[in-house]
Amino acid sequence: MKAVWGIVMSAVILVLTACGAGPAAPAEEETSEKIIAILGWDEYVEGNEDFINGMNMALEEWDGRVSGRVEYYNDEGNYDKGLLMAQELCNKSNVAAVFSFQDFEVIDAEAPYFEDAGVPLFAVQGCYEKTLERDLGYIFSSYVSSRDMGAAAARYCAEKKIGRVACCHTDTQFEKDEVRGFCAEAQDLGITVTDLLVGLDTESSLERAYQKWKTLGIQALFLCKYTETEEEKEWIFRMIQYIKKRDSDFLILGDYSLNGPDYLKKYGKNMEGTVYPRPYSVTESDRSDEFQKKYLERYPDWESVDDGAYQGYDMTRMVGEALQEEKPGTSDGTEVRDFFKREEGYDGVSGHLSYSEEGKIRATIEYYCVHDGAFVMEEAYE
């Protein structure tokens with residue numbers, strides 16, 4: 001059942017101790033090996049190579065009483081297989097943490113297994129709000145949550161003096177939660193959500209909606225559409241192009257479904273000013289600059305360092321540091337959980353990181369904005 005297609009070994013450091021008086025043979029301190037399991041479809045995991053690279057760099061820096069390695073569990077994108085693998089991991093004694101790249105439905109179903117086993121489960125690219133609201137202590141979302149993403153989009157509208165907005169989403173849980181977050185924040189900010197639509201999957205329906213928006217004086221669209229096919233993904237970019245060609249000042253906000261470099265090359269010239277909140281923020285600092293330099297030296301084929309590399313490095317470093325703090329009578333999983341939830345947070349190469357009691361990452365949300373056919377940070381655009 002288990003598919004292990006790559007193992008990354010960290011260095012095992014031997015600590016020699018000397019006795020007080022008289023000659024004595026050096027004693028070798030026992031080093032305990034811990035596993036970080038990566039759970040998900042191998043094709044998708046391999047598409048997040050930057051995250052894996054960051055993990056590798058952090059594992060090589062683990063020292064002290066523990067060493068670490070990665071085991072990969074390929075669930076082939078299958079719901080049932082994913083749950084079986086989750087149960088298998090819960091029965092392994094040396095699993096310190098699980099980093100999941102799975103579908104949100106699987107994460108929601110397997111979270112109680114890891115809770116009962118006391119194994120921290122990290123949803124690397126987010127999970128449902130309902131999963132975080134189930135009073136589970138061992139689930140963490142390492143991306144900005146759906147409602148926080150929506151709320152950030154509403155704050156952006158307020159900053160740009162937008163008063164009337166339309167929302168369009170697919171009838172899917174994450175996207176509905178994004179819109180709920182947007183609407184709640186918009187109400188507090190005095191922004192009117194004038195039109196709320198599900199679908200808009202044809203050009204004729206989009207044309208009718210757009211004409212209505214112009215009649216109602218709507219100035220912006222919050223667009224959240226879950227996609228499974230390339231055709232569905234491209235339709236999002238075609239929607240934006242349709243609107244922007246008719247009104248270049250019409251503000252369009254989205255989510256990380258807009259992170260499609262191939263489509264951006266094709267449609268980017270007609271997307272000027274399109275915005276989406278950054279799902280994982282990296283604060284520029286001397287530490288982030290130093291990490292970037294080390295990363296590019298280690299992986300010279302990369303032209304730049306993506307956010308996932310910082311994320312993989314910091315998450316793995318945090319797990320390692322948690323395990324160094326040996327607490328008698330406390331399990332590895334509890335040590336990791338408590339370390340991630342400690343009130344003072346953690347200063348990593350990404351910046352200052354902290355998690356709420358329900359496992360949400362706390363972040364100062366930044367924005368990507370299309371400028372000259374490419375997504376750039378908002379401050380660079382301004």
What Kirkwood hydrodynamic radius do you get for the chain when you take the inverse of the mean 1/r over all pairs of distinct Cα atoms, in Å? 22.4
Dividing the alpha-carbon radius of gyration of region 277-382 by 2.2 N^0.38 Å (N being the number of residues), what value is obtained? 1.25
Distance from region 156-202 to region 33-84 (C-alpha centre basis), Å: 36
To the nearest 10 square angstrom, how much accessible area does ASP171 have with a 1.4 angstrom probe? 110
Take the solvent-accessible surface of the protein heavy atoms, probe 1.4 Å, and return the percent of it on the chain that carbon and sulfur atoms account for. 45
Going through the cross-link list LYS161/LYS269; LYS176/LYS225; LYS160/LYS266, which pairs have a Cα-Cα distance over 18 Å in this structure? LYS161/LYS269; LYS160/LYS266
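Share of antiparallel DSSP beta bridges in the chain, in percent to the nearest 5? Mind showing how you got there, number by number?
Working: 16 of 52 bridges.
Expressed as a percentage, antiparallel bridges in the chain total about 30.
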Summed side-chain charge close to ARG287 - residues other than ARG287 whose Cβ falls under 13 Å, Lys, Arg +1, Asp, Glu -1: -3
accessible surface per residue for the chain, probe 1.4 Å, DNA/RNA/ligands not counted, whole Å² -> 46
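The values are calculated or read from the model by the stated rules, or taken from the named source; none is laboratory data. Quantities reported herein were computed from a predicted structural model and do not represent experimental measurements. A quick note on method: Cβ atoms are made from the backbone with ideal geometry, for glycine too, and the neighbour counts reach across all protein chains shown. We work out accessible area using only protein heavy atoms, side chains counted, and drop any ligands, DNA or RNA first. Shrake-Rupley method; radii C 1.70, N 1.55, O 1.52, S 1.80 Å.
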